[in-house]
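What follows is a set of notes on a single structure, which appears directly below.
The values are calculated or read from the model by the stated rules, or taken from the named source; none is laboratory data. Note that the coordinates shown come from a computational prediction; the quantities given were computed from them, not determined experimentally. Quick reminder, even Gly has a Cβ in these numbers, built from the backbone with ideal geometry, and neighbours come from all protein chains shown.
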Amino acid sequence: MTENDRQTEEKIFDAATEVFIEKGMDGARMQDIANHAGINKALLHYYYRTKDHLFNAVFEKIAGKMFAKFAPVFDENLTLEEKIRFFYREHITFLQENPGLPAFILNEIYRNPVRIRKLIHSIDIKKLWDTLAEQHRDELKNYRLTEETIPQFMTSVAAISVFPFAARGIIEGIFDSIGIDFNNYLEERKKYAADFVIRAIKK
């Protein structure tokens, strides 16, 4: 692949990511993506034959980027509390930078659950849990977190940061009416959410 090919493919990929996040798989058209990338539709089809093929590439890249972002959660030099704080700080920042992602992903979970299952099955969840269990055996015991209760814990942790973005239209409207700036709220939430979870597991 030449440097020109790489640049064109990157331009297409960036344009497709923006269009898919804005309009979803069903609402996006290849012509929209070509226009956004500043190329003709024939060239777009040369690089990506179908919308499905392009969408799959975009979706997998977004998912990979998200997982890579949180790799330090498995750093053995961080305590469990430090990892919780890291997660909220980085996750909320990531969603601030990509505010359309929660709705995009939730829509795709509903539209094509098979793709999500394939993505999840490609991750060795058991190995991730075993890694955390080995790193934080005493902490997990003190917090009464076990392999049986970890699904409740993990989904609760994720929901606390995702919900404000998934329901942003409602929450921001309510906050506007009582004089609360949504962006300031998100900055404060990075610490508040971590404090809330840590207090909960210490009880």
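Which condition breaks for Arg111 when tested against (1) touching a Gly at 6+ places or on another chain (Cβ under 8 Å); (2) closer than 24 Å to Arg189 by Cβ?
(2)
If a residue has to be over 27 Å from the mean Cα position of the chain (by Cα), touching a residue at least 12 places away in the same chain (Cβ under 8 Å) and not in a helix (DSSP H, G or I) to count, how many in region 27-46 make the cut?
Going through region 27-46 one residue at a time, the tally reaches 2.
Can you tell me which condition Tyr48 does not meet? The list is (1) assigned by TED's automatic domain parsing to the domain that holds Lys11; (2) touching a Pro at 6+ places or on another chain (Cβ under 8 Å), and all the others hold.
Failed condition: (2).
Being polar (S, T, N, Q) and in contact with a Lys or Arg (Cβ under 9 Å, 6 or more places away or on another chain) is the filter; apply it to region 137-173 and report the residue that is surrounded by the fewest Cβ atoms within 10 Å (Cβ to Cβ).
Top of the filtered list is Asn142.
Considering only region 64-98, state which residues are within 10 Å of the chain's Cα centre (by Cα), touching a residue at least 24 places away in the same chain (Cβ under 8 Å) and either over 18 Å from Asp195 (Cβ atoms) or outside the structural domain of Ala158 (by TED's automatic domain parsing) (or both).
Met66, Phe67, Lys69, Phe94, Leu95, Asn98
What are the residues in region 47-79 that are at pLDDT 85 or above and not in a helix (DSSP H, G or I), if any?
Residues satisfying the conditions are Tyr48, Arg49, Thr50, Leu78, Thr79.
Just give me the residues in region 1-46 being hydroxyl-bearing (Ser, Thr, Tyr), over 20 Å from Asn112 (Cα atoms) and surrounded by 17 or more Cβ atoms within 10 Å (Cβ to Cβ), in sequence order.
Within region 1-46, just Thr8 meets the criteria.
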